[in-house]
1. Which residues, taken from segment 52-69, are assigned to a loop (DSSP other than H, G, I, E, B), acidic (Asp, Glu) and surrounded by 11 or more Cβ atoms within 10 Å (Cβ to Cβ)?
2. Criterion first (at pLDDT 85 or above and not in a loop (DSSP other than H, G, I, E, B)) does Leu73 satisfy it?
3. Taking only pairs six or more apart or across chains, which ones have beta-carbon atoms under 7 Å, a first residue in segment 39-59 that is closer than 13 Å to Glu75 by Cα, and a second residue that is at pLDDT 70 or above and polar (S, T, N, Q)?
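The values are calculated or read from the model by the stated rules, or taken from the named source; none is laboratory data. Not measured: the values here are computed from a predicted model. Cβ placement follows ideal geometry from the backbone for every residue including glycine, while neighbour counts extend to all protein chains displayed.
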Amino acid sequence: MARRKQPPARSAKLEALVDELERAAVEAGIRVRRERLLREVGYHARSGMCRVGDERLLLIDSELEPDGQIELLLEALDGHDLEKLSLSDDARRMITPARATKPKP
């Protein structure tokens, strides 16, 4: 599958946002690991959250596009007290709409 090329400025901004959200996840007590997930016949491993003992772990496919990484990190941060996390205004704005549109149980 061919990767789409993003404009350099957008790509750099997305990468910076991924790094910031990853640091915030670590501050929130989530361990983040980047792995090359298996892509063989019969394996359908995907990125996502899991729990190992008492540890929360977010596995991110190392080949996942920045947009997908951001989505995973936003989901992982959902429910955490944002006041305790050091986030830029851009990151906070991304998290707030995601919370507002999420259906309430």
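1. Taking segment 52-69 first, the residues assigned to a loop (DSSP other than H, G, I, E, B) are 53-54, 62-65.
Next cut, acidic (Asp, Glu) only: 54, 63, 65.
Residues satisfying the conditions are Glu63, Glu65.
2. Working: at pLDDT 85 or above: yes; not in a loop (DSSP other than H, G, I, E, B): yes.
Judged against the criteria, Leu73 is a match.
3. Qualifying pairs under 7 Å: Leu59/Ser47.
Listed here are the residues, each with its yes/no results for (1) at pLDDT 90 or above; (2) more than 13 Å from Ala24 (Cα to Cα); (3) surrounded by 10 or more Cβ atoms within 10 Å (Cβ to Cβ).
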site	(1), (2), (3)
Ser47	no, yes, yes
Asp78	no, no, yes
Asp81	no, no, no
Ala91	no, no, yes
Ile95	no, no, yes
